[in-house]
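The next block holds one structure in the form of structure tokens; read it before the comments.
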Amino acid sequence: MPLDNAFSYRVPDGMEPAVGGRVLVPFRQQRMSGIVVDLHDRQPAVQTKNVVSVLDPEPMLDAQLMRLGKWIADYYLAPLGEVFRTMLPLSAEFKRTITYRITEQGQLALHLGGMSGSSARARRTPEDQVTEFRVLDYLANRESGREQSLRSATRVSRVVLAGMVRKKWIVREDVSDAQDAARVVKIAVLLGANRPQEPSTGDAPAPAEDVRRSLNKKLNANQQILVETLAASGGRLAVEALQALDVPRTTLSTLVKRGLIEIVEKPAEFHVSRVKARPSPFDFEFNAAQKQALRRIEENVVARKFAGMLLHGVTGSGKTAVYLAGMRTVLEAGRSAILLVPEIGLTPAVAADLHQVFGEQVAILHSALSDRERAEQWHRIKRGDARMVVGTRSAVFAPVADLALIIVDEEQDSSYKQEETPRYHARDVAVMRAKMANAVVVLGSATPSLESYYNATKNKYALVELPDRVEQRPLPEVELIDMKQEFQETGQEQVISRKLAEEIRERLERKEQVMILLNRRGYSPVALCRACGSRMECRNCAVAMTHHKKSSRMVCHYCGFEAPVPKKCGECGSEYVYFLGTGSEKLEELLHGMFPTARIGRLDRDTVRGKEDFERVLGALDAGELDLLVGTQMIAKGHDVHGVTLVGVVGADIALGLPDFRAAERTFQLLTQVAGRAGRGQTPGKVVLQTFFPDHYAVQYAANHDFAGFYEKELRFRSWMYYPPYSALANVLIRSDKLDEALEWSGTLGKWFEKTRHEGVRVLGPAAAPILRLKRDYRYHFVLKSPSREKLNTVLRAMLAYAVSQKIPRTQVIVDVDALWLM
């Protein structure tokens, strides 16, 4: 919960909770699970309630993880309960049930026929009175009733139930109960004509053909389809597969009732990855730089002391091979390792590599797994069944024993920073966890963040370089296309320049593969009225809605709000609505028109909804089933497809126009990373980079693969403005769905900052956030900078305390320490 304090409960005799374990406790009108942070015999100053039950006889979070959680809560000023909830992905083990029970006032209303006063009678319709009477009568005969059963029995709406709660006739309770989180799949088994057969456990044949024929004489058409499908599958098939057939779902139920089909359950299988593993990195001879990097990792692991390393290697230099070799050393010593990757899209490929090397010792953790899958993987790690863990940012909390090595791949990636409470940065948490465990942490990247590279130059981390690609493969040639000049020469706006179109055509003729990056999804990012100039904005956010042609919807990419595609302007009624700009969906359509015989795929958040979608598209590309892949930044990092010899970059300099001091750094990183997808096989690669800012230093240094040059120039700009790495930075956001409240609260805190002395801390603001309204909230913010993290933390705590004293809700003041997103 978003509360900053712990709560005391009495432990009844016979219960033995453990610090770091979960208990079920009453909280207001609910029962909730909580983490035990302390056990003591001191008499509490307040009356305490009893613990309902102990959920874990052993700690779920060991002493080290408890300490890490408290550090995160302190450093990021986050409620401790929110931190522990993030660290324990076990929500599938609890079933939330809403129940209602009748009160004494409800009993009285029931006996009086629900007529408790003339004013109450006047406000209620006769139909409502009858419904309320049914609810009270239903609850009077039992201790409580589940909402689902109550609504089914009485046909009551949630609105009427809420009204009865306000009148205090009934009480609503949210109850959380432990449940088995094991995943099962339901299997339909075809039984014999006269008696059930035992479900087949091996390769036993399906029910005999004469049995199927005798059954079919008694079945209707839909039932015959199900029976024949089952018979063709050996008499056993997942219920999910049968439900995908074009027959009513009741058909299966009917066959079960008739005793012709039986439904059995079996434990669900979990596939770490369905992506084909790449050739083992140990089939190749390491070059001198790789051997040196591996030796440094192994020496530090053996020493059992904390060590931080920044592994800076150009794209294609074999960083992943070094990671796997280091992890193999750890596993051979009987210890554990964690590998963090920034995108869910990278997880399947890396997991396949790990599974090839380490087999069943691999576990996977990321948000695309179901709650039950995540709980299952978590328990495998906790039991010690899996010592090699791969996943996105939350995998940094994996409950491994004897942690020896944490690797953060693409450490510069902004997706390691969580944009909701607790707003932790997985890279920095990984460093702190390694310190607490006396483990080694390796931060790897071709384009390290300025903060990490700066720390390495100041000897906070050891800097290890991989300056060359494996097998002496050359870095791709980069050609810049000035789109201003392209417009002057062609007289029209081009999405694909003439040069890029020519290069794509050549690659397709040579049966080579192409990647095209456009970091903007949808069809068109703006719907504009040509008559009055207004654009279609989200009703919840101060941003333009994006046109998605396939779904024929306008979509807000911030809050998810959808609306029909406008046929006329909502402001002036004009029919001249113009869709402006290009997204990845439109780019895919354009490429289909230009290259009609090419096999083209798209990888963005519209085409990818889960890990299976990632695996399918990347598997097709790797298998040579796609000629051309279009995508957003999802395609830019980590993918190792040897058939790709050309990368086209369309509009990658969009970010340079944003009011963000990291805009140049992000552009340089994205361009360098996507360029690195080309020429990873035997054939040299090429990059065609279309830009409106060909002279910008970020574009120039990326084209020349010159990280050191970019680092020196960008660092100079940062030093002038005292931005990280020369200071610690925090963003304080004040939000409210009422503009007056947001202005009042930000003004109140602004005056406090002005009149209170904050030595060593510079405060900018209050100012309207660049996106003034987001998800219905108006937003104003302060940016705080200080060379001292301790002083910054002290000021932020004092500010939060003052906000509470001024009755500003804690949930409406967002503190983002080490903020990456200031929009």
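Observations, loosely collected:
- Positive-end residue, the chain charge dipole about Cα centroid, Cβ charges, pick of T667, G14, P787: G14
- Unpaired Cys in the chain, meaning no second Cys C-beta under 4.7 Å: C559.
- Residue (of L796, L629, M164) at the positive-pole extreme of the chain, dipole from beta-carbon charges: M164
- With Cα atoms defining each centre, the range 740-778 and the range 499-550 are spaced 36 Å apart in the structure.
- Shape annotation for the range 351-393: C-alpha extents along the principal axes are 27, 21, 15 Å, from largest to smallest.
- Relative packing of peptides 384-393, 536-545, 243-252 - highest average C-beta neighbours within 10 Å first: 384-393, 536-545, 243-252
- In a reduced charge model with +1 at each Lys and Arg Cβ and -1 at each Asp and Glu Cβ, the range 363-449 shows a dipole moment near 320 debye about its Cα centre.
- Between F614, A462, A73, the Cα set farthest toward the positive side of the dipole of the chain (charges on each charged residue's Cβ, about the Cα centre) is that of A73.
- Think of a 1.4 Å ball rolled over the protein heavy atoms: the chain then has 48 Å² of accessible area per residue.
- Subset of K319/K417; K751/K791; K167/K775; K458/K713; K568/K738 violating a 25 Å alpha-carbon distance limit: K167/K775; K568/K738
- Accessible-area composition of the range 299-454, carbon plus sulfur, in percent [1.4 Å probe]: 44
- Computed over the alpha-carbon pairs of the range 704-789, the distance histogram in 5 Å steps reads 3, 13, 18, 17, 15, 13, 10, 6, 3, 2, 0 percent, short to long.
- Taking every C-alpha pair closer than 8 Å and separated by at least 6 residues, the mean separation divided by the residue count of the range 650-736 gives a relative contact order of 25 percent.
- Rounded to the nearest 20 debye, dipole of the chain from Cβ charges on Lys, Arg, Asp, Glu: 2360
- The range 675-812: relative contact order in percent, alpha carbon pairs under 8 Å with at least 6 residues between: 22
- Surface composition of the range 1-90: carbon plus sulfur atoms contribute 50% of the solvent-accessible area (1.4 Å probe, protein chains only, all chains present).
- Accessible-area composition of the range 654-725, carbon plus sulfur, in percent [1.4 Å probe]: 58
- Rg/Rh (Cα only; Kirkwood hydrodynamic radius) as it applies to the range 370-517: 1.12
- Interatomic Cα distance distribution for the range 394-479, bins of 10 angstrom, percent: 15, 41, 30, 12, 2
- On the principal axes of its alpha-carbon atoms, the range 775-817 has extents of 35, 23, 11 Å, going from largest to smallest.
- With only Cα atoms counted, the range 1-60 has Rg and Dmax values of 11.1, 31 Å.
- Sorting 516-522, 571-577 by average packing, meaning the other beta carbons within 10 Å per residue, from highest down gives 516-522, 571-577.
- Expressed in units of 2.2 N^0.38 Å, where N is the residue count, the Cα radius of gyration of the chain is 1.08.
- Each peptide in 428-441, 133-146, 663-676, 410-423 gets a packing score, the mean of other Cβ atoms within 10 Å over its residues, and the list from highest to lowest is 663-676, 428-441, 410-423, 133-146.
- The per residue volume of the convex hull around the alpha-carbon atoms of the range 616-725 is 113 Å³.
- CD proxy at 222 nm, helix term only [per DSSP H run n ≥ 4: -39500 (n - 2.57); per residue of the chain; nearest 500]: -10500 deg cm²/dmol
The values are calculated or read from the model by the stated rules, or taken from the named source; none is laboratory data. It should be emphasised that the depicted structure is a prediction, and the values quoted were computed from it without experimental measurement. Heads up, the Cβs are rebuilt from the backbone with ideal geometry, glycines too, and the neighbour counts pull from every protein chain shown. Surface accessibility is based on the protein's heavy atoms, side chains included, excluding ligands, DNA and RNA. Shrake-Rupley method; radii C 1.70, N 1.55, O 1.52, S 1.80 Å.
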